[in-house]
Amino acid sequence: MSEIDEIAQQTGRTFRDVLNVAGQWLRTLRGADGRAPKLNRKQRRELAEQIMAQVGAEKVNAAYYTKRVADYRSEHAIAQFQRENDPLHTDQDTAADTERLDAMRLRIEESLGTSALRIEHRGQVVMALDRAARAPYTMDASFNAVFTPMTDRDRREARVAAVESEQWVSARTQEWDRRVASMTVDQPARPTQAPQLDQPQPPAPRSVSPVAQEVAIDQDFARANAIQQIRHVQYTWLHDKASGRARDPYGEIARRQAAEQAQRAGMTTEQVRWEFANAEANSRCQVSLTASSPDGSAQGMRGYFATEAEAAAWTHDTVRFNQWTPGTSLAVRARETGRRHPFYIAEGNQIDIGASVEDWHRDLNPDKAQPPDKDRKVEKTGTGTGSDDLERRVSMLQRGLDAVTADRDYHKKDLESVRGQLDTVKNAQLGLNQELRDLRGDLDTARADRDRYRGERDEAVDKLRSVRHEQQPTNGADKPRPQMSR
């Protein structure tokens, strides 16, 4: 069974209707050749209007929420299976699953308020989510099970469920807004020093157990990850706000989750607020690290830092201490905020990337490193720029130029390789065309031989029939039978 058939079974043929309408519209647009450029925004809007007109907005929304309920049930079933069968499943894992599923349900019920579904159908979705949370193994998440025919009593219960869902979403939204407002500020922060993390006095070396050391290391990693998550979500939120885009509810949820993650990592409210307020200044250097495994899978990591030295240190530690799969290739990009082209690029295997990052990390002095933007401010304010700052600036620009040149050479080699493959394919195509012409000539010859043999056969059959017709029987079989006298 194909994927389209599976989707059609789950959503009561609605997705199949949508696909049929979209396919017919695209075939009409592209014409007989079947080729056309990518759809622009106007064409996508016209396609959406066609789908809504022919299939119906309510049916499309019902099919969409059927899929969301099925996904929610599947996530609940996986979490319950791990909780019941995984011996290493801890209470922290259970709390994380509960938080993730609660956020998933909040997003679903938040979107119900702006959907085209009637209030009874919204209540059916809410009740289906309740059934999925109570019994994920036995709950039927098909279209007909979610949107069943309703009696008058069922309609009343569905309306009550829809109203309770709206009240729950409103209360959760207000609660999150209050919590975020107490942790974040939207105005640019003053250049104050970051609050110091609570560091207990180290005991005597003899009293530190290996378990306590491991717990402390895990706590440091958790804080570093929480800080990076705060910078990522806040930088994205500020970028969207500055570009004038519409308010994204998922961005607000991400900020709330980042604040909670930081609190679980042991950061105080003051530290969380400082990180949110200074996220823009702390994200001047952005590093992306992509690891491609031999099996074709890839994973990416991103870091935000106030100085180039911090970015180099993070990249150095990440490349050095991660347990990469043998044969993994790495790609590192480091750029300044507001600049399209990176100032550091490195691609290759683990050994080459490790050596390049080691040199980058060694060239920078963490005690004297300054944010990239600070160099430009010094150049603008006066001509008394120090020789160390100018040398560092020139060194960084030279690294950026070398990285762009290496990137260009890499793409040139890739282009030459693609052109060579294209020539090979063209030659193979020419050979296939010649073989096809030869086969067509052989086919024409075979057809001519077939027609000739068929004519000879028909001529022989006609001659045989004429000979049989000319011959007369000689045994008197052609005479009438004599009558016996009585």
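The values are calculated or read from the model by the stated rules, or taken from the named source; none is laboratory data. Every value quoted in this text rests on a predicted model; they were computed, and no experiment measured them. All Cβ positions, even for glycine, are placed from backbone atoms using ideal geometry, and neighbour counts span all protein chains on display. The protein model used for the area step is the full one, side chains on, heavy atoms only, and it has no ligands, DNA or RNA in it. Shrake-Rupley method; radii C 1.70, N 1.55, O 1.52, S 1.80 Å.
Filter the range 284-297 down to residues that are over 18 Å from T318 (Cα atoms) and touching a helix residue (DSSP H, G or I) at 6+ places or on another chain (Cβ under 7 Å), then give me how many there are.
1
If only one of I217, I227 is assigned to a helix (DSSP H, G or I), of a type in the set (A, V, I, L, M) and in contact (Cβ under 8 Å) with a residue 12 or more places away in the chain, which one is it?
Selected residue: I227, the only one of I217, I227 that is assigned to a helix (DSSP H, G or I), of a type in the set (A, V, I, L, M) and in contact (Cβ under 8 Å) with a residue 12 or more places away in the chain.
Given the residues A194, A162, A189, which is the only one that is open to solvent by less than 50 Å² (accessible area, probe 1.4 Å), at pLDDT 90 or above and not charged (D, E, K, R)?
A162
Has the range 269-282 got any residue that is in contact with a Phe, Trp or Tyr (Cβ under 7 Å, 6 or more places away or on another chain), farther than 16 Å from F221 by Cα and open to solvent by 70 Å² or more (accessible area, probe 1.4 Å)?
Yes, the range 269-282 has at least one match.
Test A95 against the criterion of being in a helix (DSSP H, G or I), of a type in the set (A, V, I, L, M) and either surrounded by 13 or more Cβ atoms within 10 Å (Cβ to Cβ) or in contact with a Leu (Cβ under 6 Å, 6 or more places away or on another chain) (or both), and give yes or no.
Here the answer is no, as A95 does not meet what is asked.
Assuming L397 fulfils every condition listed in (1) open to solvent by 90 Å² or more (accessible area, probe 1.4 Å); (2) among the hydrophobic types (A, V, I, L, M, F, W, C); (3) at pLDDT below 70; (4) more than 30 Å from S356 (Cβ to Cβ) apart from one, which condition is it?
The failed condition is (4).
Within the range 207-221, can one find any residue that is surrounded by fewer than 12 Cβ atoms within 10 Å (Cβ to Cβ), at positive phi and either modelled with pLDDT of 75 or more or not charged (D, E, K, R) (or both)?
no
Applying the selection to the range 40-92, what residues are at pLDDT 80 or above and not in a helix (DSSP H, G or I)?
Hit for the range 40-92 is T90, nothing else.
Any idea how many residues of the range 329-356 are crowded, with 19+ Cβ neighbours inside 10 Å and not in a strand (DSSP E or B)?
Adding up the residues that qualify gives 4.
Which of the residues that make up the range 288-329 are of a type in the set (D, E) and either modelled with pLDDT of 85 or more or within 15 Å of I351 (Cα to Cα) (or both)?
Passing the criteria: E308, E310, D317.
Restricted to the range 278-318, and to residues that are out of contact with any strand residue (DSSP E or B) (no Cβ under 8 Å at 6 or more places or on another chain) and of a type in the set (D, E), which residue is nearest to T328 (Cα to Cα)?
Ranking the qualifying residues of the range 278-318, first place goes to D295.
Restricted to the range 102-159, and to residues that are β-branched (V, I, T) and open to solvent by 30 Å² or more (accessible area, probe 1.4 Å), which residue is modelled with the lowest pLDDT?
The selected residue is T114.
Here's the yes/no breakdown for (1) without any contact (Cβ under 8 Å) to a residue 12 or more places away in the chain; (2) not in a helix (DSSP H, G or I):
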| position | (1), (2) |
| --- | --- |
| E99 | no, no |
| R105 | no, no |
| I108 | no, no |
| A116 | no, yes |
| G123 | no, no |
| L129 | no, no |
| A132 | no, no |
| P136 | no, yes |
| D140 | yes, yes |
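Please specify each residue of the range 278-328 satisfying the condition of being touching a Pro at 6+ places or on another chain (Cβ under 8 Å) and assigned to a strand (DSSP E or B).
Within the range 278-328, C285 is the sole residue that qualifies.
Confirm whether R231 is of a type in the set (K, R) and modelled with pLDDT of 80 or more.
Yes, satisfied.
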